[in-house]
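Note sheet for the following structure.
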Amino acid sequence: MRNRFKPKYSIKKGDQVVVIAGSDKDRTTPKAVLSVIPDETSPRVLVEGVNIKTKHKKPNAQNPQGSIVKEEAPIAMSNVMLWDAKTKSATKISRERKEGKAIRISKKSGEVIK
């Protein structure tokens, strides 16, 4: 992916989001974004406690019995929306430039999203 035409996403690592589609849909409780996986066709996000998958680990020298691990799997970025703490609901964002920096502003409350 080239820097010149790099896509801009409204969601970043560490943001509070709500899941608006899928089996883990819950518009009332915000969850933290663990990572953003950029992709030109379908960007994905890893959200804390959402889309839990079980992974079977083979036995090895450190763990001779093997194990079953539950971990989050990425979901499509279109299935999450940013959480606005002031209005306590999901919101879209607008972008502005101040002092050479791009900032994100909530469309519902007008607050700057950090």
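Derivation of every value follows stated rules applied to the coordinates shown; laboratory data play no part. Remember, predicted model here, so these are calculated numbers, not experimental data. Neighbour counts are summed over all protein chains in view; Cβ atoms, including those assigned to glycine, are modelled from backbone coordinates with ideal geometry.
A few points about this structure:
- Residues of segment 91-114 that turn out to be on the phi < 0 side of the Ramachandran plot, of a type outside the set (A, V, I, L, M) and loosely packed, with under 10 Cβ neighbours inside 10 Å, as a count: 4
- Taking segment 3-34 as the range and being closer than 13 Å to M77 by Cβ and in a loop (DSSP other than H, G, I, E, B) as the test, the residues that pass are P7, K8, Y9, S10, I11, K12, K13, D15, I20, A21, G22.
- Pair list, Cβ < 7 Å and 6+ apart or interchain, from segment 14-35 residues that are in contact (Cβ under 8 Å) with a residue 60 or more places away in the chain to residues that are outside any strand (DSSP E or B): V17/I11; V19/K25; V19/V50; V19/N79; I20/N79; R27/I20
- Screening V47, V69 for residues that are in contact with a strand residue (DSSP E or B) (Cβ under 8 Å, 6 or more places away or on another chain) and either under 29 Å from S94 (Cβ atoms) or small (G, A, S) (or both) leaves exactly one candidate, V47.
- Residue ID - surrounded by the fewest Cβ atoms within 10 Å (Cβ to Cβ), chosen from residues in segment 71-90 that are in contact (Cβ under 8 Å) with a residue 60 or more places away in the chain and part of a strand (DSSP E or B): S89
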